[in-house]
Amino acid sequence: MTTQTAWPENVIARYLTDAGKALADPTITVDLSEDPETGYISGVCRGCETTFDDSSYISRDLGTGRHWAQEHAETCRALPKPA
């Protein structure tokens with residue numbers, strides 16, 4: 001049985017990365033967040049730490065963020081650095 005954990009504050013979408021899928025680790029995700037004041041969309045990969053801001057995408061709307069997150073999650077095989 002998989003235990004579900006609460007998403008971090010302001011996260012509005014999560015995508016399981018290729019590494020997370022292979023290892024059955026639900027914490028290796030690409031997370032999209034929305035700033036409640038500005039509506040600005042940001043994203044980060046919990047595996048390789050790539051961010052949406054560092055991508056080649058120009059628009060920062062939700063649709064573009066979802067596209068970036070899905071595309072990145074499908075190919076990312078990085079593991080998070082141990083704490």
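Below are the figures for this structure:
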{"item": "Subset tally (residues that are more than 16 Å from Pro80 (Cβ to Cβ) and part of a loop (DSSP other than H, G, I, E, B)) for the stretch 1-48", "result": "14"}
{"item": "Filter result (surrounded by fewer than 12 Cβ atoms within 10 Å (Cβ to Cβ), touching a residue at least 12 places away in the same chain (Cβ under 8 Å) and of a type in the set (D, E, K, R)) within the stretch 26-41", "result": "Asp35"}
{"item": "Members of the stretch 26-53 found to be more than 19 Å from Ala78 (Cα to Cα) and touching a helix residue (DSSP H, G or I) at 6+ places or on another chain (Cβ under 6 Å), listed by number", "result": "Ile41, Ser42"}
{"item": "Residue match in the stretch 18-25 (condition: more than 9 Å from the chain's Cα centre (by Cα), within 20 Å of Leu79 (Cα to Cα), surrounded by 18 or more Cβ atoms within 10 Å (Cβ to Cβ) and among the small types (Gly, Ala, Ser))", "result": "yes"}
{"item": "Answer residue from the stretch 69-83, given it is open to solvent by 100 Å² or more (accessible area, probe 1.4 Å) and either in a helix (DSSP H, G or I) or of a type in the set (A, V, I, L, M, F, W, C) (or both) and is farthest from Leu16 (Cα to Cα) among those", "result": "Ala83"}
{"item": "Complete set of residues in the stretch 10-25 that are charged (D, E, K, R) and touching a residue at least 12 places away in the same chain (Cβ under 8 Å)", "result": "Arg14, Asp18"}
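The values are calculated or read from the model by the stated rules, or taken from the named source; none is laboratory data. Keep in mind the model is a prediction, meaning the values are calculated, not measured. Methodologically, a virtual Cβ is constructed for each residue, glycine included, from the backbone with ideal geometry; neighbour enumeration extends over all protein chains shown. The area values use the complete protein model at the heavy-atom level, side chains included, leaving out ligands, DNA and RNA. Shrake-Rupley method; radii C 1.70, N 1.55, O 1.52, S 1.80 Å.
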